[in-house]
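Below: the structure, in structure tokens.
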Number of protein chains: 2
Amino acid sequence: MGIIRKTKHFQKVLDQFSKQENAISANYLVSHFNDEMNKSTIYRILDKLEDDNIIHSFVGVHGLKWYAKCLDCTVKEHNDNHPHFQCEKCNEVQCISQTNNESKIIDAQFLVKSVFLTGICNRCFSTC
Amino acid sequence: MGIIRKTKHFQKVLDQFSKQENAISANYLVSHFNDEMNKSTIYRILDKLEDDNIIHSFVGVHGLKWYAKCLDCTVKEHNDNHPHFQCEKCNEVQCISQTNNESKIIDAQFLVKSVFLTGICNRCFSTC
DNA sequence: CGCATTATCGCAACTAAGTTGCAATAATAC
DNA sequence: GTATTATTGCAACTTAGTTGCGATAATGCG
């Protein structure tokens, strides 16, 4: 089990995920909480939140680690494998609601656990 | 234009992609050519090969940079967006032939340029 | 072929993200 | 209120990838 004590720092990091539907990079949190908490604290809290299946992690286009809220996961089982989409222009990462279409693609070849898409988001596409 | 002179080093790196269907990590090449060439040389050659649309790059599960051969790309246009699959157990990355199924998933929401899947590959699945 | 030009290379030093060990601090249980 | 121990801050580290610069070698031309 990851989280044991409910500290102020833990609460602050968790709050970020409550008021934000999309994914958040570890890096963003480090600079956002720059003068409130140490970066190792943030990384450790993220580890523990992931341990408890409250958030899940993946790697974005520039090799940075991103975290997003788990939707239907319990402490025991992580079963929220919704796809993520990162825009190459604005770098924002969006969670895509599961459609079950993806599993078809690869069928017998592999057991797919996560889907990561990149491209241009609506907003950036319409402003260029 | 990336590649201008056909040096021995350039040829050696390119050979790796000729005799290998799947993706190769920059990191692998650095240790593979450890006593033959400097790592900055390798990174620079990879940059140039990508510039010329001979290979394309993406980031794998651990944030490492991977490269795979471009199939139907010209120097002017990169149009090979085949999906990649990385196994979480053996870390191997496979190129998946384009099926055009993926574009359906997200349709009007985004312009998808790349698809990256993770999970368990056939070989690892059958040996556990 | 020989030479000048300049792309490429090796080296060392750097950057940035993320990790780790340890002593100090603070949350919890009794 | 105090003891226990999880959490935190700090500094030092690791690892992938980048950069500047002088040395080397590929190419083009006479």
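The values are calculated or read from the model by the stated rules, or taken from the named source; none is laboratory data. These numbers come from a predicted model, not from an experiment. Counting neighbours? That spans all protein chains shown, and the Cβs are built from the backbone with ideal geometry, glycine included. Heavy atoms of the whole protein, side chains included, go into the accessibility calculation; ligands, DNA and RNA do not. Shrake-Rupley method; radii C 1.70, N 1.55, O 1.52, S 1.80 Å.
Peptide A:118-126 has a mean of 4 when you count, residue by residue, the C-beta atoms of other protein chains within 10 Å of its C-beta.
Counts of other chain beta carbons within 10 angstrom of each beta carbon in peptide A:81-93 average 2.
For A:S25, the amide hydrogen comes within under 5 Å of the amide hydrogens of A:Y67, counting only partners 5 or more places away or on other chains and with H modelled in the peptide plane. B:K19 contributes an accessible area of around 150 Å² to the protein surface, as traced by a 1.4 Å probe with all chains present.
Inverting the mean 1/r over all pairs of different Cα atoms, compute the Kirkwood radius of region B:1-68 and quote it in Å. Taking every pair of different Cα atoms in region B:1-68, averaging 1/r and inverting gives 12.1 Å.
Between A:L71 and A:L14, residue separation times 0.36 nm minus the direct Cα-Cα distance comes to 19.1 nm. Buried surface for the A/B pair, taken as the accessible area of each chain alone minus that of the pair with a 1.4 Å probe, is close to 2400 Å² in total. For a straight C-alpha distance cut-off of 27 angstrom, the lysines reachable from A:K113 (same-chain residues fewer than eight places away being disregarded) are A:K19, A:K48, A:K65, A:K69, A:K76, A:K89, A:K104, B:K65, B:K69, B:K89, B:K104, B:K113. Across peptide A:62-71, the average count of Cβ atoms from other chains found within 10 Å of a residue's Cβ is 1. Computed from backbone phi with θ = phi - 60° and the Karplus coefficients 6.51, -1.76 and 1.60, the 3J(HN,Hα) list for region A:41-58 is 4, 4, 4, 5, 5, 4, 4, 6, 4, 6, 3, 8, 6, 8, 10, 10, 10, 7 Hz; x is used for glycine and proline.
Approximating the spin labels as points 7 Å out from Cα along Cα→Cβ, the A:E21-to-B:I4 distance works out to 5.0 nm.
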